[in-house]
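Worksheet: one structure, shown below.
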Amino acid sequence: MQSNEPTIAAISVSQLNRRVKTLIEQGMARLWVEGEISNLSRPASGHIYLSLKDDTAQVSAAWFRQRQRGPAAGFKNGDRVLAYGRVSIYEARGNYQLIIEQMEPAGEGVLKRRFDALKLKLANEGLFDEDRKQTLPELPQRIGVITSPTGAAIRDILSILSRRFPAVPVIIYPAAVQGDAAPNELIAALETAVRRNECDVLIMGRGGGSLEDLWAFNDEQLARAICACPLPLVSAVGHEVDFTIADFVADLRAPTPSGAAEIVVPDQSEWLHRINELTARIARVGQRTLEDRAQELDWLGRRLAAGSPAATLERQRDRSREYSGRLAAAIRQQLLEQKNDLQKIGADIVKLSPAVSVQRSIGKLNQLRQRLAAATRDKMSDTAHRIELLGRALNSVSPLATLDRGYAIVNREDTGTLLTNAANIEPGEDIRAQLSRGEIIATVRKLISDD
């Protein structure tokens with residue numbers, strides 16, 4: 001008869017499960033598992049128990065409280081997640097399960113790792129360096145906005161720009177800001193703005209959303225296009241907490257689209273205040289300049305009046321009268337001296353009583369009289385000749401001699417102002433012309449410039 005007793009000693013179920021657990025835990029490294037949450041349970045202990053499933057299978061999972069990080073309470077049945085952890089067995093039931101150490105939404109987890117990898121790559125290439133970034137213009141002549149023409153972002157941007165500085169025109173370069181086609185459309189819109197070169201600052205952005213919604217702005221080719229853009233570009237993607245690759249490579253990051261509008265233009269009220277201050281300063285400087293020029297004109301007017309032909313003629317007349325007075329005084333002085341000489345001679349004659357002395361004295365007296373007459377005539381002739389020479393010299397510098405050559409001194413009839421430039425009189429106004437003989441009052445018919 002054959003025996004049914006086992007040849008190898010049997011082990012308990014607990015031992016079996018413990019051995020399988022050891023083999024699984026030692027044979028499998030920690031790994032990421034992607035699946036959909038089902039059978040989610042949150043007991044009072046704070047641990048989370050759930051199942052991860054796909055189209056054909058499922059696995060139990062446990063996420064113990066001490067391992068939970070981040071917004072664990074936000075997960076719910078139906079969420080697609082990435083769970084990181086180790087495979088083990090729950091010995092009491094013999095079920096194998098995934099012991100979760102970290103869990104995150106499936107889409108954002110993958111995208112986050114792609115985001116970090118691209119960020120590191122572009123940073124190592126120097127695309128984020130501050131020394132390559134451009135300075136925004138203080139007051140742009142025209143602003144370009146690359147965004148969806150129907151989104152909330154463009155409405156916010158236009159509202160802020162119209163409030164802060166409505167005089168600056170805005171050009172919209174439409175592009176999709178979400179979806180697979182968005183990166184290429186954003187690049188095409190940017191290339192259009194660069195090619196047309198009609199703006200001196202650009203805003204690229206959109207409103208807030210999830211990481212997947214903003215993913216178009218994490219495109220590598222878009223980042224390189226922004227880096228190569230010769231125009232200053234402000235990135236305004238999402239809300240203040242959202243960061244994209246476009247934010248790092250742009251010349252400036254704005255926390256929101258509205259914030260970008262506030263950055264690219266100054267406050268109109270501040271500029272108006274500055275303009276008013278400058279206007280007041282210009283007015284003060286202009287007033288001081290006018291006062292200085294008025295004093296200078298008065299001084300030049302006095303100099304002009306002192307050098308006018310009438311003043312020069314009057315000075316020459318005064319000098320002529322002075323010369324005539326000096327000549328008359330010299331003649332009177334000489335006649336007085338001769339009279340004194342004659343009186344002395346007469347006295348000497350009276351003292352000489354002999355007839356011969358008388359005759360001799362008479363002859364001598366006659367000679368002296370002749371000499372006196374000749375000397376007087378010579379003196380008078382010489383004096384007359386000098387007066388004639390002085391008269392000729394005076395006449396040569398006299399404005400009246402200029403008038404004799406056909407010139408005229410022209411003044412305004414109403415003010416008597418001397419005219420030296422045809423631009424100082426208008427057709428139809430009266431003028432007074434002083435000729436060599438007489439004056440003429442005439443009306444200007446036409447002006448002929450020096451040109």
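Annotations
- Residues in region 27-84 that are hydroxyl-bearing (Ser, Thr, Tyr) and closer than 20 Å to residue 111 by Cβ: 84 alone.
- Residue in region 142-180 that is surrounded by the most Cβ atoms within 10 Å (Cβ to Cβ), counting only those that are assigned to a loop (DSSP other than H, G, I, E, B) and among the small types (Gly, Ala, Ser): 175
- Condition check for residue 136: of a type outside the set (S, T, N, Q) and in a loop (DSSP other than H, G, I, E, B): yes
- Whichever residue in region 86-103 is in a strand (DSSP E or B), in contact with a Lys or Arg (Cβ under 7 Å, 6 or more places away or on another chain) and not aliphatic (A, V, I, L, M) and, among such residues, is farthest from residue 36 (Cα to Cα): 88
- Only one entry of 38, 51, 45 meets the criterion of being among the hydroxyl-bearing types (Ser, Thr, Tyr), at pLDDT 80 or above and surrounded by fewer than 12 Cβ atoms within 10 Å (Cβ to Cβ), and that entry is 45.
- Leading residue by the ranking (surrounded by the fewest Cβ atoms within 10 Å (Cβ to Cβ)) among those in region 195-245 that are within 15 Å of residue 112 (Cα to Cα) and of a type in the set (A, V, I, L, M, F, W, C): 241
One line per residue, one yes/no per condition, for (1) at pLDDT below 80; (2) farther than 30 Å from residue 393 by Cβ; (3) outside the structural domain of residue 417 (by TED's automatic domain parsing):
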position	(1), (2), (3)
314	yes, no, yes
323	no, no, yes
328	no, no, yes
334	no, no, yes
344	no, yes, yes
356	yes, yes, yes
359	yes, yes, yes
366	no, yes, yes
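- If the condition is being basic (Lys, Arg) and surrounded by fewer than 14 Cβ atoms within 10 Å (Cβ to Cβ), then region 6-35 contributes 19, 30.
- At least 1 residues being within 26 Å of the chain's Cα centre (by Cα), in the same structural domain as residue 157 (by TED's automatic domain parsing) and at pLDDT 90 or above is the threshold, and among the helices (runs of 4 or more DSSP H) wholly inside region 199-298 those reaching it are 220-228, 257-264.
The values are calculated or read from the model by the stated rules, or taken from the named source; none is laboratory data. These numbers were taken from a predicted model, which means no experiment stands behind them. Neighbour counts run over all protein chains shown; Cβ positions are idealised from the backbone, glycine included.
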